[in-house]
Each structure stands twice: as C-alpha cells, then as structure tokens.
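Data block below; observations after.
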Protein chains: 2
Amino acid sequence: MTMTDFDKIVEALAAADDITIASHVIPDGDCLGSMLALAISLEELGKKVVVVNADSVPDMLKFLPSQEKITLPEKVTNVSPLLVMVDCTDLERAGETVSQWKPKVKQIINIDHHVSNSYFGHLNLVDSKAAATAEIIYSLLLKIPATITPEVATCLYTGLATDTGSFQYENCTAKTLRLAANLMEQGADIPLIREYLWERKPLSSIKLLTHALPTLTLSHDGKVAWMSVTQEVLDKIGSLLQHTEGLVNYPRSIEGVEVGLLFRELPDNQIKVSFRSKKNVDVDKVAAQFGGGGHKRAAGCTIKGDLETVIKKVVSSVGEVL
Amino acid sequence: MTMTDFDKIVEALAAADDITIASHVIPDGDCLGSMLALAISLEELGKKVVVVNADSVPDMLKFLPSQEKITLPEKVTNVSPLLVMVDCTDLERAGETVSQWKPKVKQIINIDHHVSNSYFGHLNLVDSKAAATAEIIYSLLLKIPATITPEVATCLYTGLATDTGSFQYENCTAKTLRLAANLMEQGADIPLIREYLWERKPLSSIKLLTHALPTLTLSHDGKVAWMSVTQEVLDKIGSLLQHTEGLVNYPRSIEGVEVGLLFRELPDNQIKVSFRSKKNVDVDKVAAQFGGGGHKRAAGCTIKGDLETVIKKVVSSVGEVL
C-alpha cells in the first residue's frame, strides 16, 4: 500500500457517480461487512452503488444492514466504469462473472488485507497488517470523509469480530481493539451482532458437531489433527455447508496440535479442505500446492477425489512442512 | 462503590506492610488474574504479600505470572491484619478456612464486580458495571500508583478475556476493549494467553465434548436446553471437572434457547449446575433458589440428589421464570 494509491482511491471514489462493489465467493463477515460499510457510506454521499456477490448471504450474517441489496453479478446488465473489489486476493476470487468484467470496466480498485494479494487493481490498497479489510475501510471512510453511521459501525465491527475469531487470533492488535471500541460507541448494534454471530446457532449445526467430533483423528505425534464431514451426514441432519465453517477450530484448538484440518465432501466428487495453523506452519503455502490459498494461519482449497484419498494426500503434504 | 472507599483502600494498601489476598473457590481467570496483578504490584512496592486460594490453579491458567506463589489458606499460620478479597460476592466464596479468619483480621477490603455482592468488607470497592474485577484492579493500580508491568498486564488481560468470553458477552464495553488495547501495549503476553486459553485444550476435554453433546435436550418450546456429564464419563475419559467449564455454552448458543444449563455429577451425590441466559431470564435468582448465585446471565449452584431428579427440579424452576 502506498499513500499515493490511498489518496488516488479517495479521489476516484469522490469523482465517480456509479460504483460497483464486489467481494469474494462463499462470503464471510469481513468481506460482506466491508463491502456494505463502503456501499452505505458512498450512497449517503449521493452515489449510485451496486453491491454484488456470487453467493448468497449466510444466515448468520443476514442481520447486516443493507445486505438485502446484494445482488448476483449475472443480474448486473451494465457494470459501472469503476469496480471496487473488497477482501479479494485476486479478481477471480469474486467468481467467473465478475472476473469477466475486466475488459468492460475502466478502473479496478483493490482493497484487501490478505498477504497473498496479487495487486490486480489499477489502484491497490493492500495492508496485510490490518486484522480485517474492515480496518482498511474504516481508514478510508475517515479520509473520504464519510460519517460512521450506526449501520456502518455494525458492518465494520462484524468484519473485525469475525476475521479475528472474536479478537483471539494473531492478527488482532491494539489498533483493532481500539477500533472496535470506537465502533461500539459509534452505535454498532452489539446485541444484534452477538445474537447472530454467537447466540443463534441452528440446532442442526450442533448436531453436525455431534457427528463430526467422533471423526477426530491425530497424526504426526499429535501435531496434525482433522475431522471430516460427509454428504451423507449433511443430508441426514439437513445441515448446510455454511454450518461447517467453525468446525476446523476444534482440531486446531487441541494441545500439541500445530495444524488443524477439516475435510468436507462437496456434491460433485470434490473435497473442500480448510487449514488452520498455530505458530510454525505457513498453511497458505500448503493450500497453494492444491490450487488454494489464504493467510499464513488460515487457508483453504478444493480438491477433486474421494474423501479418503484427499485426506491422505493433504495430511502427507502438511507432514512435510511440519 | 463510593469514591471515599476507593481512596481509603488506596490509603490502606499504602499503609500496610503485610497483606493477604484471597479469591474464590474453583478459581477462574478473572479472580486469579486480578489477585495476582494486585499481588505483583504490591510486592514491587516492597510489601510482603501472601496470595491464597482454597483450590488449585486450573491447567489452562498455569501460565499466569506468580501463580506458583498461590498457597492454600490452611498453610497460612499468621494471617495479616489486612485481608483483601478479590472477585468474591461474600467472604464464604473463598472457602471455610478464609471465612474463619474474620475475627482474626483487622480490616477486610472487598473488591468485586458481581451484582450480588454483599458489601461484606470494612471497605468495599464494588462496581457491577465493570466487565471483570480486573477492570477495577486496573483503576486501583493507576491510583496507587503502581507500574503496569508486562506480568501485571498479562494477569489483567486474562481477567478481561475470560470474564467477557473473549469480548463477546454483554458486560464487554468500549472501556473494556480500550483497556485490553492498553494492556496489549503494556506488554501482556498475548501469544501465551492465546495458547493457554484457546489453543491447548487437552484432548480429553474434546473427548468430553464428544460424550456430552449427545445428551443435549431441549424443553419449553426450545427455550431451555441442557447437557449433562456423569462421573462415569469423566472417569472413562480421564477428564477433570475443570474441563467441563465451557460446556454450558453449547446449549446456550442454540437458536431460540433462552437458558442453557449444564449438570455435572460430583462424587458425593451432588450435582453442580451451571446456568447461562441470553436476554430475559435472571439466572442469578434461579440459582439462588438452590443456594447458589452469580450474575444475571451466568450463575451456578450445587444440589444434593441424583442427576435425573436434579435436572427435573432445575428445568422446572427455570420454566417458571421464562
């Protein structure tokens, strides 16, 4: 991130009347919170803003202000000259339709905090020290300047709280905590955030945990641990893939475990793998071997194959970098 | 809490050479963190400090600086004239030995944040708006004034993080978050805290969860949910009672549940009950019916009887206040 790009982005946003904002597939609290905070603020400044995401909003994030305005990229007939990409390491992270917009748009602004960001924008605001993209959006809003309304505060607080695992992960800094304090005072709806993020787990997700825990397996002297979820179990419980999100934290949290893994069967003979590490292993690199990516401590990939074979392959690759 | 008592406590601590500090039985991160932060600070000021607790330090808190100095009250032959009670609603919360010290000591200072505090001290510093007793200790240390060393910061951060459920509970305020930011900058050992609190669960505690989850039961149109742990399961897994601590959060976190309960068999035909509520139920009052207490949203009690009977009684009492 250069100050120059930061200032140019402020200028570009000020100059534009129509703005399209996109974020990554299988959206999380930070990408949606960041995207919506920016959208709400730009709309308040009188701009026409279109927010797109290729996937639907997970139930646990359906409280986010203006989330009902998020539309599928396929429904956008005339994409604006200015495209803002939020929380995406590259253009492809937003899905096929958005990446095909490249020749149609005049300018792409890339706002992200992933260390693996490819600087794919014409203007790039990338700060890998930020705990969440929400932290970067906050600085940007102050500079524009836009008022931090209670709605914006709710969106940004959600980004911080989800991407830091409730202020527990390594990425959480004193700056993050102070920003959270500011957002609380600026009217973030904490009871609503608390309820949706932490207090209304669907009963089916607890049932999913009940089925997943007995699959817990450890290897490499207890340094690698994993659980798996089959389609059969998902179907039986009537649970959704989105409910599997937090499961990877269970193997990771065990004493002595360095890398926690979760393997989830997708319907099309593919396995979605989530990686979480504690201190020494850069899981971003392991996931990259299988065409995935992410952060040093949290990454993911999707692999063709049956569950057993994929587990063997991935666990063996993790073992090599221990 | 009156300013007068606050000032008198600062004076009393300054005047004393020998100080005994005690906290409650079945100690948690806030009572130990607060007690040790105060002890370390007073020792740095040249005072002789004895820290006592009737129970041993749980494994997950064995990283706390100076925790090895905590001694059993029975081992204290000559209790000092000044007794400081930390994080206790009343003197009895520290166990029988400490409560029998009452006639022997000249002055009792009561520092606590529980709403049900009985103002049992000669001087009382009680602030039920504080997220944790650690928050009150921080103000006190600033006033003394004592340097917030990295060790003290580690103790106080632990108090904040544990008593707010990692900054998620209703008691967490902007003040709490800013205090946590300060403590981070004052050298709190966050990687150590993270590791012990969240990243080194004994495998047996995950096994315990694996056994407890299938006992999940809901009643009262899904507003009450509970799990139970028998002695048989504890023995089988080789798990300890301390590993059952977080389990009550599972029933509580379910969508639609207002009160989550955990029933744990103790060896002597007693059942330890933990209560957690979301918004409308004051579980402190329900626990009080059975001789227990705590906070509005988190309380506990111990009841004589067999598991099945106790579950029936408690669930019925909860049902009456829904």
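Among B:Ser80, B:Ser56, which is touching a strand residue (DSSP E or B) at 6+ places or on another chain (Cβ under 8 Å) and not in a helix (DSSP H, G or I)?
Every option except B:Ser80 fails the conditions.
Residue check: is A:Val84 surrounded by 15 or more Cβ atoms within 10 Å (Cβ to Cβ) and either of a type in the set (Ser, Thr, Tyr) or at pLDDT below 95 (or both)?
In short, no.
Take the conditions closer than 23 Å to A:Arg194 by Cα and surrounded by fewer than 23 Cβ atoms within 10 Å (Cβ to Cβ) and apply them to A:Lys8. Does it pass?
Taking the combined requirement at face value, the residue does not satisfy it.
Residue by residue through the stretch B:229-247, note down the ones that are more than 13 Å from chain A (Cβ to nearest Cβ) and aliphatic (A, V, I, L, M).
Hits for the stretch B:229-247 are B:Val229, B:Val233, B:Leu234, B:Leu240, B:Leu241.
Which one is modelled with the lowest pLDDT among residues in the stretch B:190-200 that are out of contact with any Asp or Glu (no Cβ under 6 Å at 6 or more places or on another chain) and of a type in the set (D, E, K, R)?
Restricting to residues being out of contact with any Asp or Glu (no Cβ under 6 Å at 6 or more places or on another chain) and of a type in the set (D, E, K, R), the top hit is B:Glu199.
Restricting to the stretch B:123-152, and then to whatever is more than 24 Å from B:Glu11 (Cβ to Cβ) and over 18 Å from the mean Cα position of the chain (by Cα), can you tell me which residue is surrounded by the fewest Cβ atoms within 10 Å (Cβ to Cβ)?
Among those that are more than 24 Å from B:Glu11 (Cβ to Cβ) and over 18 Å from the mean Cα position of the chain (by Cα), it is B:Pro150.
Look through the stretch B:155-213, keep the residues that are within 9 Å of chain A (Cβ to nearest Cβ) and among the aromatic types (Phe, Trp, Tyr), and return whichever of them is farthest from the chain's Cα centre (by Cα).
That would be B:Trp198.
When only residues in the stretch B:258-291 that are farther than 22 Å from B:Thr164 by Cα and acidic (Asp, Glu) count, which is surrounded by the most Cβ atoms within 10 Å (Cβ to Cβ)?
For the stretch B:258-291, the residue satisfying everything is B:Glu265.
The values are calculated or read from the model by the stated rules, or taken from the named source; none is laboratory data. In this text, all values refer to a predicted model and were calculated from it rather than measured experimentally. Here the Cβ is made from the backbone with ideal geometry for all residues, glycine too, and neighbour counts use every protein chain on show.
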